[in-house]
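The structure appears right after this line, and notes come after that.
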Amino acid sequence: MTINKVWVLAEASDGKVSGLTLELLTKARSLGGTVEAFAWGDVSGLAADLGAHGATKVYTCGDLGSSLAGVPVAAAMAAQVEAGNAPDAIFVGMTYDGRDIVGRLSAKLDRPVLTNVVDLADEGGLVASHAVFGGATIVKARLTGDAPHIFIVRPKSFAAEPSGGGAAEVVAVDVPDTGATNAATVVERHVEAHTGPKLDEAAVVVSGGRGLGEADKFSMVEDLAKLLKGAPGASRAIVDAGWVPYSYQVGQTGKTVKPTVYIACGISGATQHLVGMKGAKNIIAINKDQEAPIFSIADLGIVGDVHKVLPKLLEALQGR
């Protein structure tokens, strides 16, 4: 199948296109053909960034009010496909809204979906790579049915690179009557306060694990991250223990990060955690167990007690 046109589901927050959307646009652009985005809300301030990363057109469902995105966006996308404006493939980021929209779109179009995609290649048709067994093995799959072929892609699978294109053309599309399926409404939004860079965008990430011993010791991780102008992260073990919020979690069921430097403090390195951070350019591991799996992927390993190593490191940085 020749890839003539790809749609990318475009998500945004605080008036900015998400990094994951830009990653997907960059990948779609590399496959050749036309790249278009599908969004909702006011996209007038997003058209330039979408265009700079390869989108020639952006369809928008407009303001959804208090509605959840899943029902109206999926309905609008399905209507465009059924009207003959179908792409060959649809790329969607692995986010809450993305998965909700795709599940509903899959049902409306009666098309299957390939999920947890970490790479896409044109081999006479799109072939998706998937990380399984905690990232230990990569398997490949392709869809053979009618287009559009739908893929849900993990964050940080591709690098976002602008192409220098002009602003995307904005095209308003209608949302069909969705009836009672669109009865759920958003009554309140909670945004967790944070200082410094976002975890999945930081150039430096300092993560703590169960080796810290107790919740109060996580402050050392936060202090180190602040000194390095980075973001604090955590293993699932200490999130489940209630030491830190879920938004700190790095791993298969948390955030995927790809910083320049990743410092793992008291993290043994379960495969579920490694999936979320092994793409970091430089990995530093601090653990008193020299057999800890984290050392197998570390560029620099420090076999030592985090309660002794971190205070010394903090002292050295504060003295600079």
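The table below gives the values:
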read-out	value
Residue list for region 196-231, filter: within 19 Å of Thr260 (Cβ to Cβ), without any contact (Cβ under 8 Å) to a residue 40 or more places away in the chain, open to solvent by 30 Å² or more (accessible area, probe 1.4 Å) and not in a helix (DSSP H, G or I)	Gly196, Pro197, Lys198, Lys229
Qualifying residue in region 54-68 (condition: surrounded by fewer than 21 Cβ atoms within 10 Å (Cβ to Cβ), within 22 Å of Gly19 (Cβ to Cβ), modelled with pLDDT of 95 or more and of a type outside the set (Gly, Ala, Ser))	yes
Those residues of region 263-298 which are surrounded by 14 or more Cβ atoms within 10 Å (Cβ to Cβ) and either polar (S, T, N, Q) or assigned to a strand (DSSP E or B) (or both), in sequence order	Ile263, Ala264, Cys265, Ser268, Thr271, Gln272, Ile283, Ile284, Ala285, Ile286, Asn287
Members of region 2-33 that are without any contact (Cβ under 8 Å) to a residue 12 or more places away in the chain and not hydroxyl-bearing (Ser, Thr, Tyr)	Asp14
Test: Ala89 is open to solvent by 10 Å² or more (accessible area, probe 1.4 Å), touching a residue at least 24 places away in the same chain (Cβ under 8 Å) and out of contact with any Ser or Thr (no Cβ under 7 Å at 6 or more places or on another chain)	no
Residue among Thr260, Thr256, Thr271 that is in contact with a Ser or Thr (Cβ under 9 Å, 6 or more places away or on another chain) and of a type in the set (Ser, Thr, Tyr)	Thr256
Test: residue in region 299-319 that is buried (at least 18 other Cβ atoms within 10 Å of the Cβ) and under 17 Å from Gly134 (Cβ atoms)	no
Those residues of region 250-262 which are open to solvent by 10 Å² or more (accessible area, probe 1.4 Å) and modelled with pLDDT of 95 or more, in sequence order	Thr260, Val261
Qualifying residue in region 151-160 (condition: farther than 19 Å from Met94 by Cβ and of a type outside the set (D, E, K, R))	no
Out of Ala172, Ala237, sole residue that is in contact with a Gly (Cβ under 8 Å, 6 or more places away or on another chain), more than 22 Å from Gly19 (Cα to Cα), open to solvent by 70 Å² or more (accessible area, probe 1.4 Å) and hydrophobic (A, V, I, L, M, F, W, C)	Ala172
Among (1) among the hydroxyl-bearing types (Ser, Thr, Tyr); (2) in contact with a strand residue (DSSP E or B) (Cβ under 8 Å, 6 or more places away or on another chain); (3) under 17 Å from Ala131 (Cβ atoms), the one test that Tyr248 misses	(3)
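Rundown of residues vs (1) out of contact with any Gly (no Cβ under 7 Å at 6 or more places or on another chain); (2) open to solvent by less than 40 Å² (accessible area, probe 1.4 Å); (3) not in a strand (DSSP E or B), yes/no style:
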site: Ser129; (1), (2), (3): yes, yes, no
site: Lys156; (1), (2), (3): no, no, yes
site: Gly166; (1), (2), (3): no, no, yes
site: Thr181; (1), (2), (3): yes, no, yes
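The values are calculated or read from the model by the stated rules, or taken from the named source; none is laboratory data. As the structure is a prediction and not an experimental result, all values here were calculated from the model. Methodologically, a virtual Cβ is constructed for each residue, glycine included, from the backbone with ideal geometry; neighbour enumeration extends over all protein chains shown. Keep in mind that these areas ignore ligands, DNA and RNA; they rest on the heavy atoms of the full protein, side chains included. Shrake-Rupley method; radii C 1.70, N 1.55, O 1.52, S 1.80 Å.
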